[in-house]
Amino acid sequence: MHEYYVAKHTIYQIKKELGEIDPNLVKSVGLKIGKMSGIIPDALNMYLNLIAPEEGLTNATFDIVLAPVLFQCNDCKNVFEPSRELFWCPKCKSSNVTFISGNELEIQYIDVENSTNNNKEVERTT
Amino acid sequence: MKRMLFFEHLEGHGPSEDVTRINLGKNILQANDEVAHEIFHLYTDRGVFLTNVMGSPGSGKTTLIKALAKHLKIAVLEGDIASSVDSIEFAKIGVPVVQVNTDVYGSACHLEAPWIADKLRLLVEYKPEFVFIENVGNLVCPSDFNLGEHERLLVYSIPEGFDKPIKYPPMFTKATTVVLTKVDLAPVMELDIEKFKQSVRQINPNVQILTFSAKDEDSISPIVTYLEGKRQALLNSLSS
Ligand SMILES: Nc1nc2c(ncn2[C@@H]2O[C@H](COP(=O)(O)OP(=O)(O)OP(=O)(O)O)[C@@H](O)[C@H]2O)c(=O)[nH]1
Ligand SMILES: [Mg+2]
Ligand SMILES: [Zn+2]
């Protein structure tokens, strides 16, 4: 239900990063959403596509990558992705485990169309 | 036409020639978390222990906080979509309380730090030892928003059933404490409390699990002792 709010935060954060860059030049935005966040990716994507044009991002698509839920076993140090019902270590069966990651709500990258007035300071990836 | 793209991983999907990629790796909720961070420091410096109380509608959040108010020096921030029903309860028993209604924020199902920061700053001036935020009743949405709390306390009631820890893992993994309430109803619901605790520990091995019943006045004592211990640890960390 809070996907609408997370979408608004996403657009706000993107525009803050863009600074002087025209939001219409944004072609795609990469998002990383942890499977343990409370977010339903389809719902987030729907709201992003509703809000983005209103905020001037008329050409943007959103690429959502789902980040796995990872636990580490405190006994054998094995890092594992728990199955739906079993959160204990598949290697040594220990239930002494620590949550490592899976709560991510991140903007990974913003792809901006090159134009003459494009900001030269943005870093170029290889 | 907008397309929806889900990549399991990004290899081979780098940016094309005519675009410039701005690499970020930034938290979407940064604006929320910056304010939450500021609140966390304000409360920590003042030695006020801040608890974010979350749980389904009707799980017993208000009842639990009212029971704690008899033993602890508290103030309360009430978050509801609409109305002041719960905050009136606290005002009646002389507990400093402020109400935040999310209907002005599109009837949000959760609280965000910037919406409540001013009110949390105000509550500190009443010199409480504990401040409780009663979040909007919801078992999913509040879990993603940090409010600057020291403790994330999930109120979960017996009638909600057995299977929720696995059905709603985000809330159960993010909680630092689960208070299982309405345990007086366990016989009626035929719910085995030990089994329930196990199913919570399965997905959150480090969580503290306590039980409470409004029908048993003494059942609040272990929760009072636990929270006093947590605040004392906070005070000790300040003086060291
Ligand atoms: N039997 C029993 N009933 C309880 C207990 N705790 C709360 N209740 C009842 O459960 C109902 C809801 O309790 P509240 O404390 O208002 O729940 P809440 O989580 O604050 O509800 P919202 O703020 O509306 O989301 C009330 O009728 C309470 O009297 C308990 O330990 N045992
Ligand atoms: Mg209430
Ligand atoms: Zn192991």
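Each value in this text was obtained by applying a stated rule to the coordinates, not by laboratory testing. Keep in mind the model is a prediction, meaning the values are calculated, not measured. Quick reminder, even Gly has a Cβ in these numbers, built from the backbone with ideal geometry, and neighbours come from all protein chains shown.
For this structure, a couple of remarks:
- Calculated FRET efficiency for the pair residue B:18/residue B:70, C-beta based, R₀ 56 Å, to 0.05: 0.25
- Distance in nm between pseudo-label sites at residue B:224 and residue B:166 (7 Å out along the Cβ direction from Cα): 3.8
- As a calculated quantity, the FRET efficiency between residue B:195 and residue A:59 at R0 = 51 Å, using C-beta atoms, amounts to about 0.45.
- Cβ neighbours within 10 Å from other chains - mean over B:203-212: 3
- Residues with amide H under 5 Å from that of residue B:55, placed H, sequence gap 5 or more: B:138, B:155
- The charge dipole of chain A, taken about the Cα centre with unit charges on the Cβ atoms of Lys, Arg (+1) and Asp, Glu (-1), comes to about 540 debye, rounded to the nearest 20.
- Cross-link pairs beyond the 30 Å C-alpha cut-off, checked among A:93/B:164; A:35/B:197; A:91/B:195; A:15/B:61: A:15/B:61
- Its Cα centre serving as origin, region B:31-239 has a Cβ charge dipole (Lys and Arg +1, Asp and Glu -1) of approximately 360 debye.
- About its Cα centre, the protein assembly as shown has a charge dipole of approximately 800 debye under the convention of +1 per Lys or Arg Cβ and -1 per Asp or Glu Cβ, with nothing else charged.
- Between residue B:238 and residue A:76, the FRET efficiency from the beta-carbon distance, with R0 = 51 Å, is close to 0.85.
- Cβ-based charge dipole, chain B, positive-most Cα from B:98, B:114, B:213: B:213
- Furthest towards positive pole of dipole, B:224, B:172, B:141, structure part region B:31-239, Cβ charges: B:224
- Residue-span extension gain [residue B:93 to residue B:107] - 0.36 nm each, minus C-alpha spacing: 2.2 nm
- Zone residues, region B:119-138, relative to residue B:38, backbone N less than 18 Å from point 7 Å out along Cα-to-Cβ: B:119-125
- Separation of region B:19-73 and region B:162-199, taken as the distance between their Cα centroids, equals 22 angstrom.
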